[in-house]
Every structure is written in C-alpha cells, then in structure tokens.
C-alpha cells in the first residue's frame with residue numbers, strides 16, 4: 001500500500017498534488033458503481049473522469065469559483081450531448097467530496113492542527129464549492145438538453161412536412177407515415193406559411209405514403225385544403241389509398257369542389273410540371 005507524502009511546508013494544495021495517485025485510488029474505491037464505467041464514458045463521450053476529478057479538486061481547494069462554474073457548464077454540455085446517465089455523475093461527484101474530506105483529515109493529522117474555527121470555515125468553503133459545481137452542472141445539463149430536444153423536434157417537424165418547389169408556382173407535399181393530431185397541427189402551420197411566403201398557386205399533396213387516416217385527421221386535412229384555397233392556392237390530391245377513400249365515403253366526406261384528385265404523383269407532374277420554353281437554358285431534372 002502506498003504511503004502518504006508529507007512535509008511540514010506543505011499547504012493543503014501541495015498535499016493533494018503530492019498524493020494524487022493515492023487520491024485517485026481512494027476515489028475509485030469510493031465510486032463503486034462508476035469505476036467500471038470509466039473506460040466506457042471515455043470512449044463514448046471522450047470524458048476523462050479521473051483527470052477531470054483532479055481538475056475539479058484544484059478549483060475547489062484554490063477557491064477558483066469562476067473556473068469551477070465554467071468547468072461545471074462544460075461538463076453539463078458534454079454529458080447532455082452524449083446522454084450520459086446522471087446517476088453516475090452524481091455518485092462520482094459525491095465520491096470526490098468524500099475523498100477530499102478524507103484527505104483533509106489526513107492532512108490535519110500530519111500537521112497536528114485541530115482548530116475548530118478553521119475546520120468549520122473549511123467545511124463551509126469546500127462543501128459550498130462542491131454544491132456550486134453540482135448545481136451549475138445540472139442547470140447547464142438541463143438547459144442544453146432542452147435545446148437539443150427543441151432542435152431535434154424542429155428538424156423532425158420540418159422533415160415531416162417537406163414542401164418541395166418544382167417551379168415558381170407549383171410545389172409538392174409528399175406525406176409519409178402516420179398523421180396524428182400533433183402532426184396535423186404542424187402540417188397546417190407549415191402549409192399556410194409556405195403558401196403565403198412562396199406564393200404557391202398549386203400544391204400537389206401526395207398521400208400514397210399514408211396507408212390509413214382517422215376520420216378526425218381527414219377532417220383536419222380538409223380544413224387545411226379549404227384554408228389554402230382561401231389564399232388562392234389550388235390543391236391536387238394524388239395517391240389516395242382505398243382505405244382512406246372508404247373512410248371518407250362511409251363518413252360522407254368530400255373535398256371541396258376546387259380540389260382535384262389524380263391517381264398518381266406522376267400524373268400530376270405530367271399535367272402541372274411545365275418545362276421552360278425553348279428560349280430558356282435552364283435544365284429541369
């Protein structure tokens with residue numbers, strides 16, 4: 001077993017630095033569940049728990065509060081980015097806290113100091129800094145995780161309503177997969193916005209990628225069609241499957257008189273996709 005290194009001239013920071021390997025060994029003994037995950041966390045998130053622990057101890061012992069907070073924010077972002085389990089982080093930091101106090105006890109044994117006032121002052125400073133690190137870490141983790149989820153949600157929403165221009169006045173909206181109430185709301189907002197901004201005159205809505213649709217959602221779709229019709233945009237529906245048609249006929253539902261239906265998207269493209277005249281050099285693929 002390694003012995004502690006100590007000289008009467010050592011300050012507390014020197015004592016930790018000179019016994020860093022012992023500190024690391026003690027920390028790994030305290031962090032029972034985390035020690036077996038250290039290599040996995042390093043590989044997945046490039047997060048070196050052991051070196052980061054030494055860095056955190058320096059900030060705590062030296063009272064580098066600003067660096068401690070910045071470090072906590074960096075850690076929060078890293079753990080949120082790689083979706084690391086928070087339970088491991090909490091156990092790790094609490095193990096660091098216990099190990100720090102174990103070493104402080106050893107340091108005072110070597111120095112022979114036992115002033116109660118000094119102990120309580122140190123207890124307040126050390127524990128406050130550990131708590132500050134944890135609070136800052138969790139706040140940054142939470143806010144960054146929320147921002148990631150928001151960005152992913154926006155990406156999914158944009159992908160779920162892919163409006164594709166094929167010429168200045170005609171766009172295609174291919175819908176694939178299930179359409180629920182939430183997606184119908186996104187669909188309404190996106191379609192109305194794009195019709196207004198792009199000045200779409202004809203929107204080809206291809207439903208061949210949707211096998212079934214509940215009656216209420218069909219009603220929502222018809223409201224969207226009515227809405228863009230009021231904005232001067234014609235709707236062409238292609239690829240209606242028999243299941244949706246059956247649901248509509250059973251409910252006596254019909255698209256408005258201005259809505260055109262065609263069997264396939266290819267038919268709509270043949271009818272509405274007009275290539276440039278012979279004077280144009282633009283190539284349409």
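When we screen 172, 186, 217 for residues that are within 24 Å of residue 272 (Cα to Cα) and within 33 Å of the chain's Cα centre (by Cα), the only hit is 172. Restricting 169, 142 to residues that are surrounded by fewer than 18 Cβ atoms within 10 Å (Cβ to Cβ) and over 30 Å from residue 66 (Cα atoms) narrows the list to 169. For residue 77, the stated conditions do not hold, so it cannot be described as surrounded by 14 or more Cβ atoms within 10 Å (Cβ to Cβ), touching a residue at least 40 places away in the same chain (Cβ under 8 Å), in the same structural domain as residue 20 (by TED's automatic domain parsing) and within 25 Å of residue 3 (Cα to Cα). The single condition among (1) loosely packed, with under 12 Cβ neighbours inside 10 Å; (2) assigned to a helix (DSSP H, G or I) that residue 95 does not meet is (1).
For (1) surrounded by fewer than 16 Cβ atoms within 10 Å (Cβ to Cβ); (2) within 24 Å of the chain's Cα centre (by Cα); (3) assigned to a helix (DSSP H, G or I), each residue gets a yes or a no:
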{"site": "40", "(1), (2), (3)": "yes, yes, yes"}
{"site": "44", "(1), (2), (3)": "yes, yes, yes"}
{"site": "56", "(1), (2), (3)": "no, no, yes"}
{"site": "60", "(1), (2), (3)": "no, no, yes"}
{"site": "66", "(1), (2), (3)": "yes, no, yes"}
{"site": "88", "(1), (2), (3)": "no, yes, yes"}
{"site": "91", "(1), (2), (3)": "no, yes, yes"}
{"site": "128", "(1), (2), (3)": "yes, no, yes"}
{"site": "135", "(1), (2), (3)": "yes, yes, yes"}
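Taking segment 225-249 on its own, how many of its residues are closer than 19 Å to residue 174 by Cα and either outside the structural domain of residue 213 (by TED's automatic domain parsing) or not in a helix (DSSP H, G or I) (or both)? Before the answer, list the steps.
Step one: of segment 225-249, the residues closer than 19 Å to residue 174 by Cα are 225-229, 233-245.
Next, only the ones that are either outside the structural domain of residue 213 (by TED's automatic domain parsing) or not in a helix (DSSP H, G or I) (or both) stay: 233-241.
So the answer is 9.
So for segment 229-252 (the condition being within 23 Å of residue 153 (Cα to Cα) and either loosely packed, with under 14 Cβ neighbours inside 10 Å or touching a helix residue (DSSP H, G or I) at 6+ places or on another chain (Cβ under 7 Å) (or both)), does at least one residue qualify? Within segment 229-252 (the criterion being within 23 Å of residue 153 (Cα to Cα) and either loosely packed, with under 14 Cβ neighbours inside 10 Å or touching a helix residue (DSSP H, G or I) at 6+ places or on another chain (Cβ under 7 Å) (or both)), the answer is no, since none of the residues qualifies.
Is it true that some residue in segment 186-208 is in the same structural domain as residue 244 (by TED's automatic domain parsing), loosely packed, with under 12 Cβ neighbours inside 10 Å and more than 30 Å from residue 74 (Cβ to Cβ)? Yes, that holds for at least one residue. The number of residues in segment 193-205 being assigned to a helix (DSSP H, G or I) and touching a helix residue (DSSP H, G or I) at 6+ places or on another chain (Cβ under 6 Å) comes to 1.
The values are calculated or read from the model by the stated rules, or taken from the named source; none is laboratory data. Just so it is clear, the model here is predicted, and its values are computed rather than measured. For neighbour counting, all protein chains shown are included, and Cβ atoms are generated from backbone atoms with ideal geometry for every residue, glycine included.
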